[in-house]
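One structure below.
The values are calculated or read from the model by the stated rules, or taken from the named source; none is laboratory data. The shown structure was predicted, so the numbers you read here are calculated from the model rather than taken from an experiment. In this analysis, Cβ positions are derived from the backbone assuming ideal geometry, glycine residues included, and neighbour counts consider all displayed protein chains. All accessible areas refer to the heavy atoms of the entire protein, side chains included, with ligands and DNA or RNA removed. Shrake-Rupley method; radii C 1.70, N 1.55, O 1.52, S 1.80 Å.
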Amino acid sequence: MLAHRGLFRIHVRMTLDIAWVRAQFPAFDQPSLQGQAFFENAGGSYTCRQVIDRLHRFYTERKVQPYAPYDASRLGGEEMDEARRRLAEMLGVETHEVSFGPSTTQNTYVLAQAVRKWIKPGQSIVVTNQDHEANSGPWRRLAEDGVNILEWQIDPDTGELRPEDLAKLFEQHVALVVFPHCSNVVGAINDVAGICALAKSAGARSVVDGVSYAPHGFVDVAELGCDVYLFSAYKTYGPHQGIMVIRADWGMELPNQGHHFNGDSLYKRFTPAGPDHAQVAASAGMADYFEAMSAHHGGGTGAAAARKSHDLMRAQEVVLLQPLLDYVSAKNSVRLIGPADALRRAPTVALSLEADAEETAAQLAPHGIMAGGGDFYAQRPLSAMGVDLSKGVLRVSFVHYTTKDEVDALMGALDQVL
């Protein structure tokens, strides 16, 4: 299955200027990181210069309580508003439909508490066993309050979700469907628009965990048709913040989780604690980066920049990913988790090995490969696919700033340690 823009305009030849891209990330200039190829981007990406500059400016010039009438405070508040406004435009939604929280895990938990009071007796919530635990556990715990939880299960061989299996679950009065845009270990890109349309036709709301997809390009949330889309700024080249898009019609229907006097403000209803002012303001740097990328490659601003950067990033990733998938698929000692077709997945590649995955990751380090081993909070999908959790999986993940030379180095290092 392919998500919205998963089949991006590959027939249009678009070449990402990788030298320009890497010049936007100070990490690549650091002596301590020279000769090190970063393949744990699914755990958090490098931060772009535009975000770092904004964060530094806020902490040095505007680290005061925002929204007061004096200049330092006024400018700080304006930057926070700018971040929300520009990201909303790129995501195809209204400004007040974007809210910030300390992490996606926290945002999901708060949302689940609101749903706990919203859902009616006899109604069900569909979760999957393809998810990272952050988008599964908070919903499953609602069973303690009597909510009926249904599991949409993956194919144990492929790790993928089948729409026909979801359709059968709708016979049980489903009020909400919660699923990932793509899994942080399976990597398969789900047909988000199709799943959301199916949910809507059954009278159900939809919550999409976009954490593992958003680093590969911002989506048009309105076009996807979901009620909530969640992702993490620290995985999309920004500060450590969780970003939640919640559409107004459902957001105002759910019970307020914030201070009672903020109940009329959609972007404050699901942030019980005060926001991190500096990090919210610095998030505008992500919009700066995507607009700069778009302009450098002849594109526009705002929503057009988001679409342009998405396609450039995905095209770069697909070209580098397919040789890696072919390489690991040919090894008898390796089981590739998820699809072997680069067009159908994100460049987050989990490998089940005969050896302990964490030890293998440690063996890669002297070769200049930064990767990880373990379960990555994805015990449910790995268990469903028969992976030995005591060994875990080796995960090698990259994004658009990764080079062909780095992927070649990875394959060379794998030859040495496998």
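Considering (1) surrounded by fewer than 23 Cβ atoms within 10 Å (Cβ to Cβ); (2) in contact (Cβ under 8 Å) with a residue 12 or more places away in the chain; (3) closer than 15 Å to Arg85 by Cα, the lone condition that Thr301 does not fulfil carries the number (2). In the condition set (1) part of a loop (DSSP other than H, G, I, E, B); (2) in contact (Cβ under 8 Å) with a residue 40 or more places away in the chain, Asp155 is compliant with all but (2).
Against the conditions (1) closer than 17 Å to Gln130 by Cα; (2) surrounded by fewer than 19 Cβ atoms within 10 Å (Cβ to Cβ); (3) more than 22 Å from the chain's Cα centre (by Cα); (4) not aromatic (Phe, Trp, Tyr), Val387 satisfies every one except (2). Give me the residue from the range 227-283 that is part of a strand (DSSP E or B) and among the hydroxyl-bearing types (Ser, Thr, Tyr) and, out of that set, farthest from Tyr67 (Cα to Cα). The qualifying residue farthest from Tyr67 (Cα to Cα) is Tyr229. For first residues located in the range 124-146 and surrounded by fewer than 21 Cβ atoms within 10 Å (Cβ to Cβ), partners that are at pLDDT below 95 and lie 6+ apart or on another chain with Cβ distances below 7 Å form the pairs Ser124/Gln172.
Table: residues versus (1) in the same structural domain as Gly238 (by the TED database); (2) within 24 Å of the chain's Cα centre (by Cα); (3) under 21 Å from Ile337 (Cβ atoms).
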{"residue": "Asn107", "(1), (2), (3)": "yes, yes, no"}
{"residue": "Trp118", "(1), (2), (3)": "yes, no, no"}
{"residue": "Val127", "(1), (2), (3)": "yes, yes, yes"}
{"residue": "Arg140", "(1), (2), (3)": "yes, yes, no"}
{"residue": "Glu144", "(1), (2), (3)": "yes, no, no"}
{"residue": "Val174", "(1), (2), (3)": "yes, no, no"}
{"residue": "Val185", "(1), (2), (3)": "yes, yes, yes"}
{"residue": "Asp191", "(1), (2), (3)": "yes, yes, yes"}
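Residues that are within 12 Å of Thr47 (Cβ to Cβ), open to solvent by 20 Å² or more (accessible area, probe 1.4 Å) and either free of Cβ contacts under 8 Å to residues at least 40 places away in the same chain or out of contact with any Phe, Trp or Tyr (no Cβ under 6 Å at 6 or more places or on another chain) (or both) within the range 220-241 comprise Tyr234, Lys235, listed in sequence order. Taken over the range 197-219, the criterion of being open to solvent by 30 Å² or more (accessible area, probe 1.4 Å) and outside any helix (DSSP H, G or I) is satisfied by Ala202, Gly203, Arg205. Residues in the range 242-276 that are under 30 Å from Glu40 (Cβ atoms), open to solvent by 10 Å² or more (accessible area, probe 1.4 Å) and under 22 Å from the mean Cα position of the chain (by Cα): Thr271, Pro275, Asp276. Filtering Glu89, Glu61, Glu94 for residues that are over 18 Å from Met286 (Cβ atoms), in contact (Cβ under 8 Å) with a residue 60 or more places away in the chain, of a type outside the set (A, V, I, L, M) and open to solvent by 60 Å² or more (accessible area, probe 1.4 Å) leaves a single hit, Glu94. A search for C-beta distances below 8 Å between a residue of the range 167-183 that is in a helix (DSSP H, G or I) and any residue that is of a type outside the set (A, V, I, L, M), counting only pairs 6+ apart in sequence or on different chains, returns Leu169/Ser124; Leu169/Trp152; Gln172/Ser124; Gln172/Asn148.
Which residue is least open to solvent (accessible area, probe 1.4 Å), if the candidates are limited to the range 42-58 and must be part of a helix (DSSP H, G or I) and touching a Pro at 6+ places or on another chain (Cβ under 7 Å)? Working first, answer last.
Going through the range 42-58, the residues part of a helix (DSSP H, G or I) turn out to be 42-43, 49-58.
Narrowing further to those that are touching a Pro at 6+ places or on another chain (Cβ under 7 Å): 49, 51-52, 55.
Working: Arg49: 84, Val51: 2, Ile52: 71, Leu55: 49 Å².
By that ranking, first place goes to Val51.
Evaluating His400 against the criteria (1) touching a strand residue (DSSP E or B) at 6+ places or on another chain (Cβ under 9 Å); (2) open to solvent by less than 10 Å² (accessible area, probe 1.4 Å); (3) not hydroxyl-bearing (Ser, Thr, Tyr) leaves one unmet condition, (1).
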